[in-house]
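Chemist: Quick one: the structure is below, questions incoming.
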Amino acid sequence: MSSIKTKFIHFLKLVFPSTYTELAIFLFFMICYGILGSYIALHYRIIFDNRIPWDAYFSFDNKSILMTGGSFERHPLSYYFFNWVREFSLFISGGKMDASFRLTLAWLSNIIITLNIVQVFKYVKNIICLPLWLNLLIILFFGAFSTNIILSFTPENFTYTLFLLSLYNHYAAIKLKKEEKIPATALSLAGTAIGGLTITNFVKVFIPLLFEKGLFRNWKKFGNAVLRVTVSMICFVLLYLNRIDFKYQTIFSKTNQQYEKFSNVKSMPTWDMILSFFFGGNILFPGFIMSDKHNMKGFNFKGLYMDLYSSVFPYFFVILLLILIIWSYCKNFKNKWVQVIAISFFIDIAIHCVMRFGLHTSYIYGGHFVFVYPLLLGWLFFAYRSSPKIMSLLTLTVVVLFTYLLATNIFRMTEFFWFMEHYYK
């Protein structure tokens with residue numbers, strides 16, 4: 001019993017703030033995101049409107065996700081999770097889908113995204129071991145990302161996926177640092193939770209196993225890893241098949257339909273979508289465009305989408321940030337923690353940039369990988385911790401990027417409020 005109690009306490013310390021600094025960060029972002037989300041929930045109906053199932057803003061499917069969990073071929077187990085979210089929100093609102101319902105949804109998202117910020121801080125503090133002032137700079141930079149801002153009030157799969165991925169990467173990094181293996185139970189839980197919300201993230205759960213000490217030099221360790229992966233996959237597959245009443249043929253037909261639907265957009269240059277949407281839109285807001293939408297039941301509404309960047313400055317921002325990330329990867333190429341992060345990122349690059357799945361709206365997929373940026377920036381600072389001149393240059397660069405990011409995203413959010421004021425009052 002004492003062992004279970006100890007593990008539970010360790011779990012709580014892993015997930016939630018465990019120091020005064022972490023608590024201060026948690027409260028700071030809770031207040032910032034909370035004010036934003038609360039105002040939107042109380043004054044506008046954009047977070048949840050029974051008449052609008054999808055695409056009210058940036059292609060998020062708030063109502064559809066809350067009511068059904070999303071399509072089973074992409075989000076196989078989210079149906080169960082969002083049943084809890086919906087029922088809890090209805091309990092708080094007294095069974096009404098009103099402002100109180102929207103406020104509850106916004107605060108659930110706020111808490112989860114703030115915990116995601118805390119996880120990234122824990123990683124740079126405990127794994128990379130950077131000075132506090134540098135940790136705070138990286139966290140402030142990360143906290144101003146457009147993905148975090150939008151997801152802080154958006155009830156969507158991406159909101160919870162971002163937190164789970166950052167949490168799991170921190171947990172796996174701790175295990176690698178202690179040279180311990182990730183237990184089969186933890187793998188199964190992570191695979192079910194992360195893969196259940198978005199199936200393409202399922203494989204990411206197993207990446208840290210590749211870097212366990214002596215894995216490829218000891219057949220017993222290798223066999224144990226294969227066994228843990230097998231147990232995790234069996235648990236996930238059985239739950240997935242049970243969700244669809246074991247009608248596995250529908251998985252392939254639906255998946256093919258989704259791929260065809262979201263991979264054949266030719267209205268924009270591919271290179272521009274990659275820079276403006278995949279690498280840029282989930283960090284730095286571009287301009288917005290409106291579109292006339294309908295719910296296929298006679299109700300017309302306005303949808304808001306991100307546009308391609310329209311000036312040289314955003315492109316310069318994105319390219320400079322990518323240079324820092326690539327520099328970090330090259331400099332830390334032999335670092336197993338960096339490889340875990342990078343391989344996870346490469347999976348998303350392959351899906352969206354190479355296979356072009358959802359490339360025209362890839363800014364919404366930032367919840368699958370934006371935590372990679374602050375972590376790789378942290379490792380870049382770590383690599384030059386003994387070089388004051390380069391450290392100063394890197395710090396100045398991040399400060400300039402942060403200043404531009406914050407100013408631009410605040411300005412774009414004023415445009416978002418104009419949109420809500422006119423169409424979602």
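Since every read-out is calculated from the coordinates, none of them should be taken as a lab result. Predicted model, so just to flag it, every value in this text is computed and none were measured. Heads up, the Cβs are rebuilt from the backbone with ideal geometry, glycines too, and the neighbour counts pull from every protein chain shown.
Chemist: Okay, helix-only estimate at 222 nm for the chain: each DSSP H run of n ≥ 4 adds -39500 (n - 2.57), divide by all residues, round to 500 deg cm²/dmol; what do you get?
Modeler: Working: 16 runs with 266 residues, N = 425.
About -21000 deg cm²/dmol.
Chemist: Above 36 angstrom, tally the Cα pairs of the chain and express them as a % of all pairs, no decimals. Walk me through the intermediate numbers first.
Modeler: Values: 21664 of 90100 pairs.
Tail of the P(r) past 36 Å holds 24 percent of the pairs.
Chemist: Too long at a 18 Å Cα-Cα cut-off: which of LYS122/LYS334; LYS5/LYS178; LYS178/LYS204; LYS125/LYS175?
Modeler: On the way: LYS122/LYS334 22 Å; LYS5/LYS178 21 Å; LYS178/LYS204 20 Å; LYS125/LYS175 15 Å.
Over 18 Å apart, Cα to Cα: LYS122/LYS334; LYS5/LYS178; LYS178/LYS204.
Chemist: Could I ask something else about it? Once the piece of chain linking ASN300 and PHE211 is laid out straight, how much longer is it, given 0.36 nm per residue of separation minus the C-alpha distance between them? Could the numbers behind the result be given before it?
Modeler: Numbers: separation 89, 0.36 × 89 = 32.04 nm, distance 5.19 nm.
Contour length minus Cα-Cα distance gives 26.9 nm.
Chemist: May I pose another question? Can you tell me the FRET efficiency between LYS336 and ASN126 if r is taken as the Cβ-Cβ distance and R0 is 25 Å, rounded to the nearest 0.05?
Modeler: Details: r = 16 Å, r/R0 = 0.63.
Efficiency at R0 = 25 Å is approximately 0.95.
Chemist: So for the chain, averaging the separation of alpha carbon pairs under 8 Å that are six or more residues apart and normalising by length, what relative contact order in percent results? Let's see the in-between values first.
Modeler: On the way: 564 pairs, mean separation 86.7, N = 425.
Relative contact order comes out at 20 percent.
Chemist: Mean-square fluctuation check for the chain, GNM, Cα pairs under 10 Å: which of SER100, SER362, SER109 is largest?
Modeler: SER100
Chemist: Using +1 at the Cβ of each Lys and Arg and -1 at the Cβ of each Asp and Glu in the chain, identify which of ALA144, SER267, VAL118 lies farthest towards the dipole's positive end.
Modeler: VAL118
Chemist: Still on this model: Using 0.36 nm per residue of separation minus the Cα-Cα distance, give me the extension gain between TYR248 and TRP84 in nm, one decimal. If you can, show how the numbers build up before the last one.
Modeler: On the way: separation 164, 0.36 × 164 = 59.04 nm, distance 2.56 nm.
Extending this stretch completely gives an extra 56.5 nm.
Chemist: Can I ask one more? How far apart, in nanometres, would the label points at LYS5 and LYS96 be if each is projected 7 angstrom from Cα along the Cα-to-Cβ direction?
Modeler: Placing both labels 7 Å along Cα→Cβ, they lie 4.5 nm apart.
Chemist: Label points 7 Å out from Cα along the Cβ direction at GLU180 and ARG51: separation in nm?
Modeler: The answer from the label model is 5.4 nm.
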